[in-house]
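Chemist: Handing you a structure now.
The values are calculated or read from the model by the stated rules, or taken from the named source; none is laboratory data. Note that this is a predicted model, so its numbers are computed, not measured. Here Cβ is always computed from backbone atoms with ideal geometry, including for glycine, and neighbour counts include all displayed protein chains. Surface areas here come from the heavy atoms of the whole protein model, side chains and all, with no ligands, DNA or RNA. Shrake-Rupley method; radii C 1.70, N 1.55, O 1.52, S 1.80 Å.
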Amino acid sequence: MLRRFGKIMVVVAFLFVNIVNVEAKERVVSHIELRDVTYSGENAIPRIKVFDQEGRHIPKKQYCMFFNGDTLNAGKVTVRVKGIRRVSGEASASYTIKKRNISSCQLSGIENHTYDGRKHDPNVRLTYHQYNVSYRLSYGDCKSIGKKKVKIVGIGNFTGTIYKNYKILPPSSRILTMTKSGTNVHLTLVKAAGGVKYQIGYKTKKKWKTKMISGTHITINVKDKRKTSFKVRTCKNGVKSTWSAVKRV
């Protein structure tokens, strides 16, 4: 019994000595693992993992980090790690703060306008959370009636291109006078600026019919002596105003 106990104590002592030796063995910073990040408007620090010479992870409290480069703006940054608290050695690695694509930003300010003879530049505002975004605008004629397109290109800390559409609508019109003689109805319209055409909508039963005219006077044969509803809107270059209020005669 005593002989067996003695063997057990020898084994325990051997294991204890080896554990002490492992703990006493100095750990050395071997390498760093990190990934690129994307610009966010704030200091862009990636998740960093530090390993020793045996590939074991070193806790954060056992090393210091030093950054060489601008950690706020897009570009390359170098990280140097130096071991402390029974960890020696150092290692370094680089990461890139990538430009953010403007497709992930918030866009506002592009609205339709009604033609009034003046230019209507698109009032673009682009933000990423609470931060302003750097961009360049390109657009053509923003005065005449029609469909318009804005090109927005990210610059600085931003990249990518987006296109947005808006319209300069024709000014609206309305029915000024309306007289009926038998099945003929004569309409006089309010003249709208911008060289527009006028689309007349009318119906006696359930279905609306339309006629397009260039001037402000038209006589329509409704082929029915019952009351007929009329409305008008203006058109030019593929865009239309809203319909006027409906009048009946």
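Chemist: Limited to the range 139-172, what total is found for residues that are polar (S, T, N, Q) and touching a Phe, Trp or Tyr at 6+ places or on another chain (Cβ under 6 Å)?
Modeler: Residues in the range 139-172 being polar (S, T, N, Q) and touching a Phe, Trp or Tyr at 6+ places or on another chain (Cβ under 6 Å): 1 in total.
Chemist: Working only within the range 37-47, note down all residues that are surrounded by fewer than 16 Cβ atoms within 10 Å (Cβ to Cβ) and not in a loop (DSSP other than H, G, I, E, B).
Modeler: Across the range 37-47, the qualifying residue is only THR38.
Chemist: ALA24: among the hydrophobic types (A, V, I, L, M, F, W, C) and at pLDDT 95 or above, yes or no?
Modeler: Criteria not met by ALA24.
Chemist: Please list, ordered by first then second residue, the pairs with beta carbon atoms under 7 Å, 6 or more apart or interchain, first in the range 174-187 and open to solvent by less than 70 Å² (accessible area, probe 1.4 Å), second of a type in the set (S, T, N, Q) and part of a loop (DSSP other than H, G, I, E, B).
Modeler: Between residues of the range 174-187 that are open to solvent by less than 70 Å² (accessible area, probe 1.4 Å) and residues that are of a type in the set (S, T, N, Q) and part of a loop (DSSP other than H, G, I, E, B), the close pairs are ILE175/SER244; VAL185/THR228.
Chemist: Quick one: which strands (runs of 3 or more DSSP E) lie wholly within the range 60-162 and hold at least 1 residues that are out of contact with any helix residue (DSSP H, G or I) (no Cβ under 9 Å at 6 or more places or on another chain), under 29 Å from ALA193 (Cβ atoms) and open to solvent by less than 30 Å² (accessible area, probe 1.4 Å)?
Modeler: Details: elements: 63-68, 75-83, 90-98, 106-108, 125-128, 135-139, 146-154.
So the answer is 146-154.
Chemist: Tell me which residues, restricted to the range 204-225, are open to solvent by 60 Å² or more (accessible area, probe 1.4 Å) and more than 44 Å from the chain's Cα centre (by Cα).
Modeler: LYS205, HIS217, THR219, ASN221, LYS223, LYS225
Chemist: Return only the number of the condition from (1) closer than 30 Å to LYS191 by Cα; (2) in contact with a strand residue (DSSP E or B) (Cβ under 9 Å, 6 or more places away or on another chain) that SER104 does not satisfy.
Modeler: Result: SER104 fails condition (1) only.
Chemist: Could you tell me which numbered condition GLY201 fails, if it satisfies all but one of (1) under 26 Å from LYS147 (Cβ atoms); (2) open to solvent by 20 Å² or more (accessible area, probe 1.4 Å); (3) of a type outside the set (A, V, I, L, M, F, W, C)?
Modeler: (2)
Chemist: Which condition from (1) over 19 Å from ILE155 (Cα atoms); (2) of a type in the set (Val, Ile, Thr); (3) open to solvent by 30 Å² or more (accessible area, probe 1.4 Å); (4) under 39 Å from the mean Cα position of the chain (by Cα) is the one that VAL50 breaks?
Modeler: (3)
Quick grid of which residues meet (1) modelled with pLDDT under 95; (2) farther than 29 Å from THR96 by Cα; (3) in contact with a Ser or Thr (Cβ under 6 Å, 6 or more places away or on another chain):
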residue: CYS142; (1), (2), (3): yes, yes, no
residue: ILE152; (1), (2), (3): no, no, no
residue: THR159; (1), (2), (3): no, no, no
residue: LYS180; (1), (2), (3): yes, yes, no
residue: GLY201; (1), (2), (3): no, yes, yes
residue: THR216; (1), (2), (3): no, yes, no
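Chemist: So PRO170 fits all but one of (1) touching a residue at least 60 places away in the same chain (Cβ under 8 Å); (2) more than 28 Å from SER229 (Cβ to Cβ); what number is the exception?
Modeler: Single failed check for PRO170: (2).
Chemist: Looking at ILE162, is it within 26 Å of the chain's Cα centre (by Cα), of a type in the set (A, V, I, L, M) and within 23 Å of TRP243 (Cβ to Cβ)? Steps first, answer last, please.
Modeler: Numbers: within 26 Å of the chain's Cα centre (by Cα): yes; of a type in the set (A, V, I, L, M): yes; within 23 Å of TRP243 (Cβ to Cβ): no.
The answer is no for ILE162.
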